[in-house]
Amino acid sequence: MRITENDTVLITGGTGSFGGAAVRRMLANGCGRIRVFSRDETKQHLMRTELADDRLEFHLGDVRDGESVDRATRGVDVVFHAAALKQVPSCEFFPLEAVRTNVIGTSHVIESAMRHEVRSVVCLSTDKAVMPINAMGMTKALMEKVVAAAARRETSTVVSCVRYGNVMFSRGSVLPLFLEQVRERRPITVTDPSMTRFLLPLDHAIDLIDTALERAIPGDTFVRRAPSATIGDLAEAVRQVFDVSSPVEVIGTRHGEKSHETLATQQELLNAEQFGDYIRIPSDSRGLDYALYFSEGTVIESAPNDYRSDTGDLLDLEAVVELLRSSAEVQRALASS
């Protein structure tokens, strides 16, 4: 299913990193109307001024408020649900706030989409939802369960998820921090040099959304394969690309932080479909047959390994340098330095 010039698309959290990139691509490729839904009027004003496109509508609201979501969803064909509380420390300190946004907010979006017969809803999830160890990941895991529960209902709306690891240069990720520290001649702060993170370019993250839109069966979760690197090599690559002698300061692992990212578990991969750079993880299709949960099991002869950032395509330092040099964000930063 492709977005056409006759379609209206709603993006919740539409002024964030994903929203900005998705809006620009859809405007370039031809889309009828795009509704940017968020609670930040300043970011909306900046996007409105920068893009100045009549196809854009800006809706102030919060996914916690079902009525504001419902108003924005009327007449919509496709929803990209990106609104979330994403910062691990914030969610640790205020877990109920994370529940209200990441879980209840998602329910509001899905219920409204079904009520207005939206064709497709794609919800953005995270590696932190896989075997979660912090409140942010736990609420995203519950978000995925909300999607799975919706998929069991008889409805024309296709609800699916995409699951991301580290998206390069997205707001709150490590690379913008490193670049800011280099520009300000401060030490580059690294939690643990041996930590690994996936390195998914932002445009590949948008490709993942397009893939979910085209191929999703209700309840599916899609993952895109990506190379990974150690945080130590990433910091050193930034030093080399920008030709600086900034010291690297090891500050230690932060509370609620994983050493490695996991995008799919062994159990998920047993039933997954892999095509090209993508993995489609089908929803748990068991109905309300409690025997399947309590008294009946499945014998597993062999299982694949978890898809993790430390066991996949781990780049060496030279390859990380090359990847950074090829990114538009680094090229812009070099041109302005």
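Using helices alone, I'd like the mean residue ellipticity at 222 nm for the chain: each DSSP H run of four-plus residues gives -39500 (n - 2.57), total over residue count, nearest 500. Mind showing how you got there, number by number?
Values: 14 runs with 133 residues, N = 337.
Helices in the chain give a 222 nm mean residue ellipticity of -11500 deg cm²/dmol.
Grab the beta carbon distance between HIS116 and ARG325, set R0 = 51 Å, and tell me the FRET efficiency rounded to 0.05.
Details: r = 45 Å, r/R0 = 0.89.
That gives a FRET efficiency of 0.65.
Put simply, the amide H of VAL79, placed in the peptide plane, has neighbours under 5 Å in LEU10, SER120, VAL121, VAL122, leaving out anything fewer than 5 places away on its chain. Computed about the Cα centre, the dipole magnitude for region 1-132 is approximately 200 debye when only Lys and Arg (+1) and Asp and Glu (-1) carry charge, each at its Cβ. Name the residue farthest towards the positive end of the dipole of region 130-281 from the options ILE206, PHE178, ALA141, assuming +1 on Cβ of Lys and Arg, -1 on Cβ of Asp and Glu, about the Cα centre. Going by the charge dipole, the pick is ALA141. Fewest-first ordering of ARG186, ARG33 by other beta carbons within 10 Å of each residue's beta carbon gives ARG186, ARG33.
Provide the packing ranking of 36-49, 212-225, i.e. peptides ordered by the mean count of other C-beta atoms within 10 Å per residue, highest first.
Values: 36-49: 17.0, 212-225: 20.7.
The peptides rank, most packed first, as 212-225, 36-49.
Using only Cα positions of region 13-78, each an equal point scatterer, no hydration layer, compute I(q)/I(0) via Debye at q = 0.24 Å⁻¹ and quote the log10 values to two decimals. With no solvent term, the Cα-only Debye profile gives -1.11. Across q = 0.18, 0.20, 0.21 Å⁻¹, region 164-213 modelled as identical point scatterers on its alpha-carbon atoms has Debye log10 I(q)/I(0) values of -0.65, -0.75, -0.80, in the order of the q list.
Under the definition of Cα pairs under 8 Å and six or more residues apart, what whole-number percent is the relative contact order of the chain? If you can, show how the numbers build up before the last one.
Numbers: 649 pairs, mean separation 50.2, N = 337.
Worked out over the chain, it gives 15 percent.
About its Cα centre, the dipole of the chain is roughly 700 debye, where the only charges are +1 on Lys and Arg Cβ and -1 on Asp and Glu Cβ.
Determine the percent antiparallel among the DSSP beta bridges restricted to the chain, to the nearest 5. Spell out each step's value before the answer.
Numbers: 12 of 45 bridges.
If we restrict to bridges inside the chain, about 25 percent are antiparallel.
Working ranking of peptides 239-251, 89-101, 17-29 by packing, defined as the average number of other Cβ atoms within 10 Å per residue, highest first, is 17-29, 89-101, 239-251.
Within 14 Å, Cβ to Cβ, of PHE18, how many net charges do the neighbouring residues add up to if Lys/Arg are +1 and Asp/Glu are -1?
Numbers: positive: ARG24, ARG25, LYS43, LYS86, ARG163, ARG171, ARG224; negative: ASP203, ASP207, ASP210.
Every neighbour counted, the sum reads +4.
Note down the net charge around ASP207, summing +1 for each Lys or Arg and -1 for each Asp or Glu among other residues with Cβ under 15 Å from its Cβ.
Details: positive: ARG2, ARG24, ARG25, ARG163, ARG215, ARG224, ARG225, ARG280; negative: ASP203, ASP210, GLU214, ASP277.
So the environment of ASP207 carries a net charge of +4.
Note down the net charge around ASP77, summing +1 for each Lys or Arg and -1 for each Asp or Glu among other residues with Cβ under 13 Å from its Cβ. Once all neighbours under 13 Å are counted, the net charge is +2.
Which of the pairs LYS43/LYS258; LYS86/LYS258; LYS43/LYS128; LYS140/LYS258 have their Cα atoms more than 22 Å apart in this structure? From the list (LYS43/LYS258; LYS86/LYS258; LYS43/LYS128; LYS140/LYS258), the Cα-Cα distance tops 22 Å for LYS43/LYS258; LYS43/LYS128. Quick one: Debye curve from the C-alpha atoms of region 134-232, no solvent, what's log10 I(q)/I(0) at q = 0.20 Å⁻¹? The calculated log intensity ratios at q = 0.20 Å⁻¹ are -1.07.
Here the peptides 325-336, 67-78 are ranked by packing, the mean other Cβ count within 10 Å, and the order with the highest first is 67-78, 325-336. In terms of its C-alpha gyration tensor, region 178-260 comes out prolate, because a/c is 1.5 or above and the ratio a/b outweighs b/c. Counting 0.36 nm for each residue step from ARG74 to ARG152 and taking away their Cα separation leaves a gain of 25.8 nm. Site pair VAL250 and GLU57 shows an inter-label distance of 5.4 nm when each label is modelled 7 Å from Cα along Cα→Cβ. For the chain, the calculated P(r) over all alpha carbon pairs, in 20 Å bins from 0 to the bin holding the longest distance, is 30, 58, 12, 0 percent.
FYI, it's all coordinate maths here, none of it is from the lab. Just so you know, these numbers come straight off a predicted model, no measurement behind them. FYI the Cβ positions are ideal-geometry reconstructions off the backbone, even for glycines, and counts take in every protein chain you see.
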